[in-house]
Amino acid sequence: MIEITEIELGVTADMHVHLREGKMMELITPTVREGGVAVAYIMPNLVPPITTIDKVVEYKKQLEALSPTTTFLMSFYLSKDLSPELINEAAKIGAIQGVKCYPAGVTTNSAHGVDPNDFTAFYPIFEALEANNLVLNIHGESPPKKDSDDIHILNAESKFLPILSKLHSDFPNLKIILEHCTSQDAVEAIEKLNAGYKDGDKVTVAGTITAHHLSLTIDSWAGNPINFCKPVAKFPSDRNHLVKAATSGKPYFFFGSDSAPHPIEGKARHTGVCAGIYTQKYALSYVAEVFEKNNKLENLKTFVTDAGVSFYEVKDVKCSDKCWLVKDKFNVPEVISSKDVTVVPFKAGDELQWKVEWRK
Ligand code: DOR
Ligand code: ZN
């Protein structure tokens, strides 16, 4: 067998990225391109969250100043501050590509989130998204209402899945993403909702999968706050189903890194550690490694480029170069830092096999 030593990935897309603000944003934003990603879908969970056109336009400008050749797709944070009129206006000027829904209290900066047990108040927003062909991005974890609900971090995603099915049946043409799938149940739910899918059909319900959930399991974060994120990594069997879905070449599973940097201090607090794993700078290298190990390198481009670009119907991209991966060993640095902030990257110190190159 001939060993593959380079792979052309084209206009790569990471459809779930946290870039923050201030010094963290300055440090992290350029690492999107350094990590081999041309198109990035940016999460709105700033403090306060992004719910206005002015804010989203201003934020995009700041990101573009830091990385002029990255294409940033922007989003609003689902909350009572949104209205159908605002969605229509934002869609008209191309200010956003979607709206992110956070159940209140389940993760970082989700205090302004919503109660997914009753979405009816947001149905007019979902109608506006559907009418404008925008995306509803969902953090799919059910928050417990009371102790007797028996909802916890290991089953919160599974408990959310009936809500996803209901949303899809109420809005069959709304493009919905179950973000960062972590369980066999989530993979099976996405498969079931795409049961009649035939080549060339438009995908309406998709699941994104991160780089870290392709390797982590519960043992990796219980005891190591660097590997703690939401939803948490589950059991080895869940991880294996994620790997199978990601490497399947199916257009309804694509890459969303959920790269979520936190200052190192936030990962070592006695008051509770921050949820989020920073993968951006080596995002594609981590993923390529998993595809190679599973003899599925031929499906890597579908996962990190074609499926996401096609789901979002991305038209204009700012970068004319193509991303390539070349076989060339290197070690992940122990930290990524500026004089103001230090972040510990995923797999710090480990050796990776695939390096990013941008070519004409
Ligand atoms: O682990 C996570 N970190 N999950 C999220 O949903 C949010 C993210 C963050 O913003 O840090
Ligand atoms: Zn996220």
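The values are calculated or read from the model by the stated rules, or taken from the named source; none is laboratory data. Remember, it's a predicted structure, so these values are computed and weren't measured experimentally. Reconstructed Cβ throughout: ideal geometry from the backbone, glycine too, with neighbour counts over all protein chains shown. Please note that ligands, DNA and RNA were not included when accessible areas were found on the heavy atoms of the full protein model with its side chains. Shrake-Rupley method; radii C 1.70, N 1.55, O 1.52, S 1.80 Å.
Which Cα, out of Phe126, Phe228, Ala206, lies furthest along the positive dipole direction of the range 12-320 (beta carbon charges, K/R +1, D/E -1)?
Phe228
Can you give me the long-range amide H partners of Thr108? Hydrogens built in the peptide plane at 1.01 Å from N, cutoff under 5 Å, separation of 5 or more residues or another chain.
Close amide H contacts, sequence-distant or interchain: Ala275.
Tell me the carbon and sulfur percent of the accessible area for the chain, rounded to whole percent, probe radius 1.4 Å. It would help to have the intermediate numbers written out before the result.
On the way: 7640 of 14800 Å².
Carbon and sulfur: 52 percent of the exposed surface of the chain.
Taking 0.36 nm per intervening residue step and subtracting the Cα-Cα distance, what contour gain separates Ala195 from Val47 on full extension?
Numbers: separation 148, 0.36 × 148 = 53.28 nm, distance 3.90 nm.
That pair, Ala195 and Val47, stretches by 49.4 nm at full extension.
Which of the pairs Lys244/Lys301; Lys23/Lys347; Lys301/Lys355; Lys175/Lys296 have their Cα atoms more than 18 Å apart in this structure? Before the final figure, lay out the partial values.
Details: Lys244/Lys301 15 Å; Lys23/Lys347 23 Å; Lys301/Lys355 15 Å; Lys175/Lys296 27 Å.
The answer is Lys23/Lys347; Lys175/Lys296.
Take Ile153, Ile93 and sort them by solvent-accessible surface of the protein heavy atoms, 1.4 Å probe, largest at the top. Before the final figure, lay out each step's value.
Values: Ile153 65, Ile93 110 Å².
The most accessible residue leads, giving Ile93, Ile153.
What FRET efficiency, computed as 1/(1 + (r/R0)^6) with R0 = 35 Å and r the Cβ-Cβ distance, is obtained for Ser165 and Lys339, rounded to the nearest 0.05?
Values: r = 49 Å, r/R0 = 1.40.
The value I calculate is 0.10.
Given the Cα-Cα distance of Asp147 and Asn295 and 0.36 nm per residue of separation, how much length would full extension add, in nm?
Details: separation 148, 0.36 × 148 = 53.28 nm, distance 4.44 nm.
Result: 48.8 nm gained on full extension.
Glu188 to Glu8: FRET efficiency via 1/(1 + (r/R0)^6), r the Cβ-Cβ distance, R0 25 Å, to the nearest 0.05?
On the way: r = 32 Å, r/R0 = 1.30.
E between Glu188 and Glu8, to the nearest 0.05, is 0.15.
Between Phe253, Thr51, Leu193, whose Cα lies farthest towards the positive end of the dipole of the range 12-320 when Lys and Arg beta carbons carry +1 and Asp and Glu beta carbons carry -1, centred on the Cα centre?
Going by the Cα projections, it comes out as Phe253.
Can you pull out the GluC sites (Glu not before Pro) in the range 7-100 whose DSSP state is coil and whose Cβ has at most 13 other Cβ atoms within 10 Å?
On the way: sites: Glu8, Glu21, Glu26, Glu34, Glu58, Glu64, Glu85, Glu89; in loops: Glu21.
Answer by residue number: Glu21.
In debye, nearest 20, what is the charge dipole magnitude of the range 12-320 about its Cα centre with +1 on Lys and Arg Cβ and -1 on Asp and Glu Cβ, if you could check? All intermediate terms of the calculation are to be shown ahead of the outcome.
Values: 30 positive and 36 negative charges, 93 e Å.
Result for the range 12-320 is approximately 440 debye, rounded to the nearest 20.
Mind giving me the nanometre distance, one decimal, between the label points for Glu34 and Gln353, set 7 Å out from Cα along Cα→Cβ?
2.5 nm
From Cα coordinates alone, what are the radius of gyration and Dmax values for the chain in angstrom?
18.9, 58
Which one, Asn117, Ser310, Thr342, projects farthest toward the positive side of the charge dipole computed for the chain from Cβ point charges (K/R +1, D/E -1)?
Thr342
Report the gain in length on full extension from Val326 to Glu313: 0.36 nm times residue separation, minus Cα-Cα distance, nm rounded to one decimal.
Working: separation 13, 0.36 × 13 = 4.68 nm, distance 2.79 nm.
Taking 0.36 nm per residue and subtracting the Cα distance, the gain is 1.9 nm.
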